[in-house]
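Chemist: Okay, here's the structure, questions in a sec.
The values are calculated or read from the model by the stated rules, or taken from the named source; none is laboratory data. It should be emphasised that the depicted structure is a prediction, and the values quoted were computed from it without experimental measurement. So basically every Cβ, Gly included, is an ideal-geometry build from the backbone, and we count neighbours across all protein chains shown. Surface areas here come from the heavy atoms of the whole protein model, side chains and all, with no ligands, DNA or RNA. Shrake-Rupley method; radii C 1.70, N 1.55, O 1.52, S 1.80 Å.
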Amino acid sequence: MPSGRYIDPMSIWSYANPVKFLTLSARVQPVLWAAALLSIGIGLAWGFFGTPDDARQGSTVKIIYLHVPAALMAINAWFMMLVASLIWLIRRHHVSALAAKAAAPVGVVMTLIALVTGAIWGQPMWGTWWAWDPRLTSFLILFLFYLGYIALWEAVEDPDTAADLTSVLCLVGSVFAVLSRYAVQFWNQGLHQGTSVPVATGGRTVADVFFYPLVLCMVGFALLFVALVFTRTSTEIRLRRAAALRARAVREV
Amino acid sequence: MKALLLRDLRLALRAGGGFGLALAFFLIVIVLVPFAIGPDPELLRAVAPGVLWLGALLACLLSLDRLLALDFEDGTLELLATAPLPLEGALTIKALAHWLTTGLPLVIVSSVLGVMLGLPSAGYLWVVVSLGLGTPALSVIGTFGAALTVGVKRGGLLMSLLVLPLYVPTLIFGAEAARRGALGLDATTPLLMLAGITCGVVACMPFASAAVLRMGLR
Amino acid sequence: MDVQITDLSLARGGVPVLAGVTMSLPAGQAVILRGPNGAGKTTLLRAIAGLQPALSGRITGAEDRIAYAAHADGVKSMLTVRENLTFWADVFGAGGIDAAIEAYALAPLADRLAATLSAGQKRRLGLARLLVTGRPVWVLDEPTVSLDTGAVAMFADAVRAHLAQGGSALIATHIDLGLEAEVFDLTPFKATATTQAGATDEAFL
Amino acid sequence: MPELGKYAYEVMSAYAASLVLLSVLVLWTLGSSKRARETLAQAEKEAGRDG
């Protein structure tokens, strides 16, 4: 329990104290929101108005500025939830559990955007709205995992038990999500093009004109994710604090 | 352990135990399929392995509801948690009992129901083998879902939502093996993958299930 | 070996209910747990049974020596009385069920399905389960609910025999069982609003 | 406005759908944040008055 243990005030874990997190969050939130909206605004405007059409894909290439960052954040949100769940299970920091809870709806929306833009993009390119392409299918499965995770949070009344159960679900779900990814790849080889920005290899398959606004959009989506998670975590903390204050008031009577 | 297995089997077979419900559900799903997609024998033949797999999966899911919920309501789970039997072992046994009363009969019946869908004769062996390898994984994964939702009121629907995505890899490899087998193609790779999933799941999931059940009982 | 509870704090629903509970349950003795509703009797018993973690403090001598009985008996209505008892005897690996059937006068009911029993008869079956576990420490939460006077006497006799064999019993109850037992009142250990025991809610205050 | 050619409908609907989804998420987040602030302020006021 954080309250029982001495924590170096300079340590990053000191922000695991919910009330201290609230003050930090209040300080950084305006900056995060401004930076996120600015970079998404500039990135999307640059991409939409300032880049040429692709020779093969025509103007549909402009969808890349939504599709790729959303897809990236859909996966990263789950990964962040996985890390936060592990921190909760190991160190029992409430902020961590609540941050995982706060990130889930953001992940859902990112997954939805990736799916919708993917379907709209696929229509002219592949001639169909929906193809059981491995990547699209994997995102659909990820979407189902997000729904189950959120539903479990909603269904369990005791907040600590809910945090425990959802953390284990997140861990087990991650393993099965990876398994599903390979199963789906085995099941259908797919139409989807290779990844646009293979970070690991350093190479890339998109031309510079498309690349720079795309990077700006990815940064913007990442900042927006962080801003949303900070705000939503603060919301969860405030609700828990209000409930704790009321529970104490009842106890005193 | 043997006592728990025998008790679960006896309970399932007694009146109100729900044995046969899953089988009847499976039968009805298979009967409804031609109504839904038409009586064309070619079409039915093509979808038969997949439909058998999907029907078995849904029948399995349907019966998960009773796996832990009844024992939770009458306090048996709390008493088991204080018994010398480790909870991991108890849950493995309960999954085994679930498989013996649901999965195994489904495997046997599937070969008969294949006739109704015009399953090609080459496919029977593969449908039965893939279901036989895959249904234990369904029972074990389902036990995890049941343990997750044990304290939740009206948790049945929630459990389906949690368990179905976890069933995806098993379904894909199982149905793929049955489909390839029915088409006379080589089904070794998906069967091996399916067996791998079943082994991994049987080895690891009981620990997650027991951990989750302890949290739920608290 | 005695069960020893040292400076135990417990929470229910994220709020501390008990703080600084210290007591011991010596072999061969019974302790009656008292306290008003909501004092934390059930919470304490569940913690001793290992079903619930403590916020702080220690419980020793309870591990794998406890037979716990709560409001729900774990009786399967579609099994006979004998099958129910045999199951628990096998799970605990303790052997015969005849003594348990005799102690609670269940012989005439032994081959009836538990579904056909009355509430009091079911309760007797649930208490008979304690005898087949062979565990030395009984942790009982309101064991006499729905029992008539005769059955309460059977229960008291069973506890006495258990104590005579060197067992011990911790019983939360409101009625007088006629046992030679120490009474332990939980009221003084009620957690106050300022208790800092590491309960969940404190992190948010 | 750039010339979107024959894919104008696809591109516009992708942008529209995404922006709608994002703004719903942002508005919902900000709204619940505001409500939580009010709930907490209320609870703190009650706690201050009682204790």
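Chemist: Let me understand the stretch B:2-217 better: what is its radius of gyration from the alpha carbons, and its Dmax, in angstrom?
Modeler: Using the Cα atoms of the stretch B:2-217, the pair Rg, Dmax is 17.5, 57 Å.
Chemist: Let me ask another. How much length, in nm to one decimal, is gained on full extension between B:D186 and B:R10, taken as 0.36 nm per residue of separation minus their Cα-Cα distance? Write down the numbers at each step before the final one.
Modeler: On the way: separation 176, 0.36 × 176 = 63.36 nm, distance 4.05 nm.
Roughly 59.3 nm would be gained on extension.
Chemist: How big, on average over all directions, is the shadow cast by the Cα convex hull of the stretch B:71-126, in nm²? Before the final figure, lay out the partial values.
Modeler: Working: hull surface 22.0 nm².
Taking a quarter of the hull surface, the average projection is 5.5 nm².
Chemist: Right, next: Each label point is 7 Å from the Cα along the Cα-to-Cβ direction; what then is the distance between the points at A:F79 and D:K45, in nm?
Modeler: Each label point is offset 7 Å from its Cα along the Cβ direction, giving 4.5 nm.
Chemist: Any chance you could check the Cα centroid distance between the stretch A:17-80 and the stretch C:7-44 for me, in angstrom?
Modeler: One Cα centre to the other: 54 Å.
Chemist: Under 8 Å for C-alpha pairs, at least 6 residues apart: give me the relative contact order for chain A, rounded to a whole percent.
Modeler: Details: 283 pairs, mean separation 80.4, N = 253.
Computed value for chain A: 32 percent relative contact order.
Chemist: Amide H to amide H under 5 Å from C:F184: which residues, 5+ apart in sequence or cross-chain, H placed 1.01 Å off N in plane?
Modeler: C:I32, C:L33, C:R34
Chemist: Same structure, new question: Under 5 Å between amide H atoms, partner at least 5 residues away or on a different chain: which partners does C:A11 have, H built in plane at 1.01 Å?
Modeler: Residues meeting the amide H criterion: C:V17, C:L55.
Chemist: For the stretch C:1-142, what proportion of DSSP beta bridges, expressed in % and rounded to the nearest 5, is antiparallel?
Modeler: 75 percent
Chemist: List every residue whose amide H lies under 5 Å from the amide H of A:R92, counting only residues 5 or more places away in sequence or on a different chain, with H placed 1.01 Å from N in the peptide plane.
Modeler: none
Chemist: Bin by bin, in steps of 10 Å, what percent of the Cα pairs in the stretch B:11-56 do you find, going until the bin that has the longest distance?
Modeler: Calculated P(r), rounded to whole percents: 26, 42, 20, 12, 1.
Chemist: Moving on to the next point. Need one value: the accessible area of D:E44 in square angstrom, 1.4 angstrom probe, rounded to the nearest 10.
Modeler: Near enough 80 Å² of accessible area.
Chemist: Rg and Dmax of the protein assembly as shown, Cα atoms, in Å?
Modeler: 29.9, 95
Chemist: Could you work out which residue, out of B:L131, B:L32, B:L183, moves most in a Gaussian network model of chain B, that is, has the largest mean-square fluctuation with Cα springs under 10 Å?
Modeler: Its mean-square fluctuation being the largest, the pick is B:L32.
Chemist: Next up: Could you tell me how far the Cα centroid of the stretch B:150-218 sits from the Cα centroid of the stretch A:116-164, in Å?
Modeler: The two parts, judged by their Cα centres, are 18 Å apart.
Chemist: Please tell me the relative contact order of chain C in percent, rounded to the nearest whole number, where contacts are Cα pairs under 8 Å and at least six residues apart. Write down the numbers at each step before the final one.
Modeler: Working: 390 pairs, mean separation 65.9, N = 205.
So the answer I get is 32 percent.
Chemist: Another question about this same structure. Going through the cross-link list A:K101/C:K122; A:K101/D:K45; C:K76/C:K190; A:K20/B:K153; C:K190/D:K34; C:K41/C:K122, which pairs have a Cα-Cα distance over 32 Å in this structure?
Modeler: On the way: A:K101/C:K122 43 Å; A:K101/D:K45 27 Å; C:K76/C:K190 36 Å; A:K20/B:K153 35 Å; C:K190/D:K34 37 Å; C:K41/C:K122 23 Å.
Among A:K101/C:K122; A:K101/D:K45; C:K76/C:K190; A:K20/B:K153; C:K190/D:K34; C:K41/C:K122, the Cα-Cα distance tops 32 Å for A:K101/C:K122; C:K76/C:K190; A:K20/B:K153; C:K190/D:K34.
Chemist: For peptide B:204-211, compute the average count of partner chain beta-carbon atoms within 10 Å of each residue's beta-carbon.
Modeler: Details: counts 2, 2, 0, 0, 5, 2, 0, 5.
Mean shielding by partner chains, rounded to a whole number: 2.
Chemist: What does the highest-first list of A:26-32, C:162-168 look like by mean Cβ count within 10 Å? The partial results should precede the final answer.
Modeler: Values: A:26-32: 12.7, C:162-168: 16.4.
Descending mean neighbour count gives C:162-168, A:26-32.
Chemist: Highest mean first, how do A:76-89, C:178-191 rank when packing is the count of other Cβ atoms within 10 Å averaged over residues? Don't jump to the answer; show the numbers that get you there.
Modeler: On the way: A:76-89: 20.1, C:178-191: 14.9.
Taking the mean over residues of other Cβ atoms within 10 Å, the ranking is A:76-89, C:178-191.
Chemist: Just the accessible area for A:F145, please: 1.4 Å probe, Å², rounded to the nearest 10?
Modeler: Accessible area, nearest 10 Å²: 10 Å².
Chemist: If you don't mind, there's one more thing I want to ask. Show that you can apply the helix-only estimate: for chain A, add -39,500 (n - 2.57) for every DSSP H stretch of four or more residues, divide by all residues, and state [θ] at 222 nm to the nearest 500.
Modeler: On the way: 6 runs with 190 residues, N = 253.
Result for chain A: -27500 deg cm²/dmol, rounded to the nearest 500.
Chemist: Evaluate 2.2 N^0.38 Å with N set to the residue count of chain A, then give the Cα radius of gyration divided by it. List each step's numbers first, then the result.
Modeler: On the way: Rg = 20.6 Å, N = 253, 2.2 N^0.38 = 18.0 Å.
Its radius of gyration relative to the 2.2 N^0.38 Å reference: 1.14.
Chemist: Here's something else I'd like to know. Just tell me how shielded C:138-149 is by partners: mean number of partner chain Cβ atoms within 10 Å of each residue's Cβ, no decimals. Write out the running numbers ahead of the final one.
Modeler: Numbers: counts 0, 1, 0, 0, 0, 0, 0, 0, 0, 0, 0, 0.
Across the residues of C:138-149, the mean count of other-chain Cβ atoms within 10 Å is 0.
Chemist: Sticking with this one: At 1.4 Å probe size, put A:W121, A:W126 in order of accessible surface, largest to smallest.
Modeler: Numbers: A:W121 25, A:W126 80 Å².
Ranked list, largest accessible area first: A:W126, A:W121.
Chemist: Could you estimate the translational diffusion coefficient of the stretch A:59-100 from the Stokes-Einstein equation, with Rh from the Kirkwood formula over C-alpha pairs, at 25 °C and 0.890 mPa s, in whole µm²/s?
Modeler: Values: Rh = 11.6 Å.
Using the Kirkwood radius from Cα pairs, D works out to 211 µm²/s.
Chemist: From the backbone phi of the stretch B:40-50, what are the Karplus-calculated ³J(HN,Hα) couplings (6.51 cos²θ - 1.76 cosθ + 1.60, θ = phi - 60°) in whole Hz, Gly and Pro given as x?
Modeler: 4, x, 4, 4, 4, 4, 5, 8, 3, x, x
Chemist: Determine, from the Cβ-Cβ distance of C:H71 and A:R246 and an R0 of 22 Å, the FRET efficiency 1/(1 + (r/R0)^6), rounded to the nearest 0.05.
Modeler: That pair, C:H71 with A:R246, gives E of 0.20.
Chemist: Let me ask something additional. So what is the relative contact order of the stretch B:9-157, in percent, for Cα pairs below 8 Å that sit 6 or more residues apart? Write out the running numbers ahead of the final one.
Modeler: Values: 127 pairs, mean separation 51.8, N = 149.
Reported relative contact order: 35 percent.
Chemist: Along the stretch B:94-109, what does the Karplus equation 6.51 cos²θ - 1.76 cosθ + 1.60 (θ = phi - 60°) give for ³J(HN,Hα), rounded to whole Hz, x for Gly and Pro?
Modeler: 5, 5, 4, 4, 4, 5, 5, 8, 10, x, 4, x, 4, 4, 5, 5
Chemist: Calculate the mean, over all residues of peptide B:63-76, of how many other protein chain Cβ atoms lie within 10 angstrom of the residue's Cβ. Could you put the intermediate results ahead of the total?
Modeler: On the way: counts 0, 0, 0, 0, 0, 0, 0, 3, 2, 1, 1, 8, 9, 7.
Going residue by residue through B:63-76 and averaging, the value is 2.
Chemist: Kindly sort A:W187, B:W99 by accessible area of their heavy atoms, largest first, with the probe set to 1.4 Å.
Modeler: On the way: A:W187 90, B:W99 50 Å².
Correct descending sequence by accessible area is A:W187, B:W99.
Chemist: What's the center-to-center distance, using Cα atoms, between the stretch A:221-243 and the stretch B:89-134 in Å?
Modeler: 47 Å
Chemist: Let me ask another. How do C:93-100, A:229-236 rank on mean C-beta neighbours within 10 Å, highest first?
Modeler: Working: C:93-100: 15.9, A:229-236: 23.4.
Put in order of decreasing packing, that is A:229-236, C:93-100.
Chemist: Which three lengths, in whole Å and largest first, does the stretch B:93-178 cover when its Cα atoms are put on their principal axes?
Modeler: Taking the Cα atoms of the stretch B:93-178, the three principal extents are 46, 23, 20 Å.
Chemist: Now for a different question. What number results when the radius of gyration of the stretch C:75-205, computed over Cα atoms, is divided by 2.2 N^0.38 Å?
Modeler: On the way: Rg = 18.1 Å, N = 131, 2.2 N^0.38 = 14.0 Å.
Rg over 2.2 N^0.38 Å, computed on Cα atoms: 1.29.
Chemist: Okay, next question. Using a Gaussian network model on chain B with a 10 Å cutoff between Cα atoms, which of B:T149, B:T135, B:T76 fluctuates the most?
Modeler: B:T76
Chemist: Another one. Please pull out the direction-averaged projected area of chain D, using the convex hull of its alpha-carbon atoms, in nm² to one decimal place. Please list the in-between numbers first.
Modeler: Working: hull surface 17.1 nm².
If you wrap the Cα atoms of chain D in a convex hull and average its projections, you get 4.3 nm².
Chemist: Ordered by residue, what ³J(HN,Hα) values in Hz, to whole numbers, does the stretch B:149-154 give under the Karplus form 6.51 cos²θ - 1.76 cosθ + 1.60, where θ = phi - 60° and Gly and Pro are x?
Modeler: 9, 5, x, 8, 5, 6
Chemist: While we're on this one: Could you list, bin by bin from short to long, the percent of Cα-Cα pairs of the stretch C:1-151 in 10 Å steps?
Modeler: The calculated distribution, bin by bin, is 11, 37, 31, 19, 3.
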